[in-house]
Amino acid sequence: MEKSALQIARAAYQPKLPKALKGAVKAKEGKATESVGNQKEIKELFPNTYGMPVVEFVPAESENNEAVNVGVILSGGQAPGGHNVISGLFDGVKSLNKESKLYGFLMGPGGLVDHKYMEITDELIDEYRNTGGFDIIGSGRTKLEKVDQFEKGIEILRKLGIKALVIIGGDDSNTNACVLAEYYAAKKYGVQVIGCPKTIDGDLKNEQIETSFGFDTACKTYSELIGNIQRDCNSSRKYWHFIKVMGRSASHIALECALQTQPNVCLVSEEVEQKQMTLDDVVTLIAKAVADRAEDGNNYGTVIVPEGIIEFIPAIKKLIAQLNEVLTDPATGEPREFASAEEQIAFVKSSIEADNLAVLESLPADVARQLCLDRDPHGNVQVSLIETEKLLSRMVDTKLKQWKSEGKYCGKFSAQHHFFGYEGRCAAPSNYDADYCYSLGYNASRLIASGKTGYMSIVKNTTAPADEWVPGGVPITMMMNIERRNGANKPVIRKALVELDGAPFKYYASHRDVWARKTSYVYPGPIQYFGPTEVCDRCTLTLALEQGKK
């Protein structure tokens, strides 16, 4: 594989480890835990992995150094730093015993089920240290939730002598890891399952998980691009730029990018839902900022839009929830099949409640059609395919024309559109993510050596220098509750939404009125790898505000 000059330079970077992981460790156990919700139901579903304690690794005189074969899976969408989790895991198991082996299952959980794998060697891992992407073994979205999948998996695990499996993924992937850990524990198969918290959306976090890996790099990448657009915007002074960023279930990316770049408007889905805003309310909010800036002679600006905002508008959220229900076959749990698009639309309109039908028919025809037709492999509405940034700018234009007809001065309005998604998923990890991911992987090797299963690798105190980070593990069941998914109640890890009473949102809310009218843009520039520590190694503003470090 040919390397760029940057990749050659980055290969020499040695990720920093917490002091606690630099020698022999032992697990210091806390009190028994319980799930964040539905304790009785979760305990009944996970009797072998429920109630385990949170653990923290502390120095020890010696540790278990028996050779162990480990498997690793990259699951779900890509996030910067995945290769460093694997390199940390590789170095960690080898540091315990050089005879240990690490096997990567190819193209996600499907590789475990289909017995597709490769051994990860020194030569291979050295090609991927500190690089973006998941291409060392690939990723996939196969869900591990059926007994026949678990049994197919155990066949190859036994063949390779694998005693522990590390699943690197988001909330759904780690929910599957928990289910797999429980199954193997109940069957006494002797295979440990460990999770690692990945998602650039930032919604896999809680009191134990400070941040999910990839979020830092993605936000810095998107903020660089938004800053570039804002500089252009402030140069040509003739366009309003509507910028959609990733974040279907939560607005963490939008909020962090707003904190870094200070746009004129940033929509936060969670606030829209709390205030029971309609689509017209959202449009009016943006149109007012456009009109106010026009009064000052500024016919330009920037609007940051989280990709899932449509789903947070209460009336549309209720509609989408019923669409997910009626388009799922209750007998199989799979998406219903239709002979044609028109048949599917007719079925939807005849099956949903009258108020939901009224909402559907109030939407632009192309958006309504998209809601009825486009489904993901699990039968859910593909909200990310809705061009929300274009929908909003189109409706803002209509609103401004209405106001002009009523005699209100609104200036000139011309829009440009952007969606930043893939641009950040495989970016080369920032120093923070390079260090954090390496520590998560190395830490996972210690959870394995300690005999843990059904745990997620965690590293805390990450606003401090890496030497002071605190490694450990949290039982995955601790983060679970019961939610309605595709017409059935299922155990899932609770997603972390933007907290409207939290420090990051409060900081934004206290500044947004000024940013809305005054051109206050910040241009973060590209991710810096080499230079002053305060530039290169700093964490996200979200995390700093949450920890009271700003």
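Values for this structure:
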| quantity | calculated |
| --- | --- |
| Farthest toward positive dipole pole in the chain [+1 Lys/Arg, -1 Asp/Glu at C-beta], among ALA79, GLN230, SER393 | GLN230 |
| R0 of 41 Å, Cβ-Cβ distance GLU499-CYS536: FRET efficiency to nearest 0.05 | 0.90 |
| Over 30 Å between alpha carbons, listed pairs LYS43/LYS188; LYS19/LYS163; LYS390/LYS518 | none |
| Per-residue HN-Hα couplings for segment 215-220 [Karplus 6.51, -1.76, 1.60; θ = phi - 60°; Hz; x = Gly/Pro] | 4, 4, 5, 4, 5, 5 |
| Low-density loop positions, trypsin sites (Lys or Arg not before Pro), segment 390-419 - DSSP coil, at most 15 other Cβ in 10 Å | LYS408, LYS412 |
| Cβ-Cβ FRET estimate between THR284 and LYS550, R0 fixed at 35 Å, reported to 0.05 | 0.65 |
| Members of LYS317/LYS550; LYS159/LYS452; LYS116/LYS495 lying beyond 28 Å, as alpha-carbon distances in this model show | LYS317/LYS550; LYS116/LYS495 |
| Distance (nanometres) between label positions extended 7 Å along Cα→Cβ at SER340 and LEU124 | 5.0 |
| Efficiency of FRET from Cβ geometry, ASP513 and ARG484, R₀ 35 Å, rounded to 0.05 | 0.40 |
| Low-density loop positions, trypsin sites (Lys or Arg not before Pro), segment 7-115 - DSSP coil, at most 14 other Cβ in 10 Å | LYS22, LYS98 |
| Sparsely packed GluC sites (Glu not before Pro) within segment 422-522, loop by DSSP, other Cβ within 10 Å at most 14 | GLU499 |
| Sulfur and carbon atoms: percent of accessible area, the chain [1.4 Å] | 50 |
| Principal-axis tilt of helix 82-96 within the chain, Cα atoms, nearest 10 degrees | 20 |
| Karplus-derived 3J(HN,Hα), 6.51/-1.76/1.60, for each residue of segment 278-290, Hz, glycine and proline x | 8, 4, 5, 4, 5, 4, 4, 4, 5, 4, 5, 4, 4 |
| Mean accessible surface per residue for segment 299-360, computed with a 1.4 Å probe while every protein chain stays in place, in Å² | 42 |
| 13 Å beta-carbon shell around LEU144, net charge (K/R +1, D/E -1) | -2 |
| For segment 398-406, 3J(HN,Hα) per residue [Karplus equation, 6.51 cos²θ - 1.76 cosθ + 1.60, θ = phi - 60°, Hz, x = Gly/Pro] | 5, 4, 5, 5, 5, 5, 4, 5, 8 |
| Between 0 and 90°, nearest 10: helix 171-186 axis offset from the chain longest Cα axis | 30 |
| Contour minus Cα-Cα distance for ALA12 and LYS188 (0.36 nm per residue) | 59.1 nm |
| Formal net charge of residues neighbouring ASP537 (Cβ-Cβ distance under 9 Å; K, R +1; D, E -1) | 0 |
| Net charge, ASP329 excluded, C-beta distance under 14 Å - Lys, Arg +1, Asp, Glu -1 | -1 |
| Where segment 146-217 is the region considered: accessible area per residue in Å², 1.4 Å probe | 30 |
| Sequence-separation-based contact order of the chain, relative, with Cα cut under 8 Å and 6+ spacing, percent | 24 |
| Net dipole in debye of segment 131-275 [+1 Lys, Arg Cβ; -1 Asp, Glu Cβ; about Cα centre; nearest 20] | 420 |
| Angle between the chain longest axis and helix 341-351 axis [Cα atoms, degrees, rounded to 10] | 90 |
| PHE530, PHE338, reordered so the largest accessible area comes first (probe 1.4 Å) | PHE530, PHE338 |
| Pairs from LYS220/LYS244; LYS238/LYS549; LYS22/LYS506; LYS22/LYS101 whose Cα-Cα separation, in the structure shown, is over 27 Å | LYS238/LYS549; LYS22/LYS506 |
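The values are calculated or read from the model by the stated rules, or taken from the named source; none is laboratory data. Just so it is clear, the structure is predicted and the values come from calculations on it, not from any experiment. Cβ sites come from the backbone with ideal geometry, for glycine too, and all protein chains shown count toward neighbours. Protein only, heavy atoms only, side chains kept; ligands, DNA and RNA dropped before computing areas. Shrake-Rupley method; radii C 1.70, N 1.55, O 1.52, S 1.80 Å.
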